[in-house]
1. Could you give the length gained on full extension between Glu85 and Leu37, defined as 0.36 nm per residue of separation minus the Cα-Cα distance, in nm?
2. Indicate the gyration tensor shape class of segment 72-141 (rounded, prolate or oblate), computed on the Cα atoms with a ≥ b ≥ c the square roots of the eigenvalues: a/c under 1.5 is rounded; otherwise a/b larger than b/c is prolate and the rest oblate.
3. Convex hull over the Cα atoms of segment 14-147, averaged projected area in nm²?
4. Report the gain in length on full extension from Glu105 to Leu136: 0.36 nm times residue separation, minus Cα-Cα distance, nm rounded to one decimal.
5. For the residue pair Lys15 and Asp122, what label-to-label distance in nm results when each label sits 7 Å from Cα along the Cα-to-beta-carbon direction?
Amino acid sequence: MLAGMHTDSEHPEGKSHYLLVRSGGHRCAIPVGAAKLVTRAPKVYPLPGSEPRLLGLAQIAGEPVAVVDLHALLDPEGGTGGGHELTVIIREPGGGSSLGLAVDEAFGVVAVADKHPRQEDDPNWVAARSSVDDRLVLMLDPKKLFVEPRNG
């Protein structure tokens, strides 16, 4: 277990809980309430003419799910991420839609109390920044991932 990580019974009051993941050189935190499933990377079927960050469609639990490269979302100039070992399925807040985020690694659930404002050049779906184990973590806003993926 990483330093700073807690089991559910150890979470101090006043902290928000996030799934901590890595994609390329980025560590990101996804609100636990938005994370539906973490699975090994499924077979993805590319869509002709789509942007490089959209890896394609996968069938997960009997449903078609768009899978995007989280690294490419965060760093459009840097190309695609690493090995895409895992896919985190997030659900649209208040809706039934799902989206797959291709990531390289998932570390587990962390409790985060201190959040710092997003920087001016952060994509729209980065809600804030924080630090976990003295490493920068980008706090993702799932709602904006569904609404504004092209405006980052």
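No value in this document is a laboratory result; all are computed from the given coordinates. Values in this document were obtained by computation on a predicted structure and should not be read as measured data. Cβ placement follows ideal geometry from the backbone for every residue including glycine, while neighbour counts extend to all protein chains displayed.
1. Result: 15.9 nm gained on full extension.
2. Numbers: a/c = 1.28, a/b = 1.17, b/c = 1.10.
Because its axes are fairly even, with a/c under 1.5, segment 72-141 counts as rounded.
3. Details: hull surface 32.9 nm².
Average projection, Cα convex hull of segment 14-147: 8.2 nm².
4. Using 0.36 nm per residue and subtracting the Cα-Cα distance, I get 9.6 nm.
5. According to this spin-label approximation, the distance is 1.9 nm.
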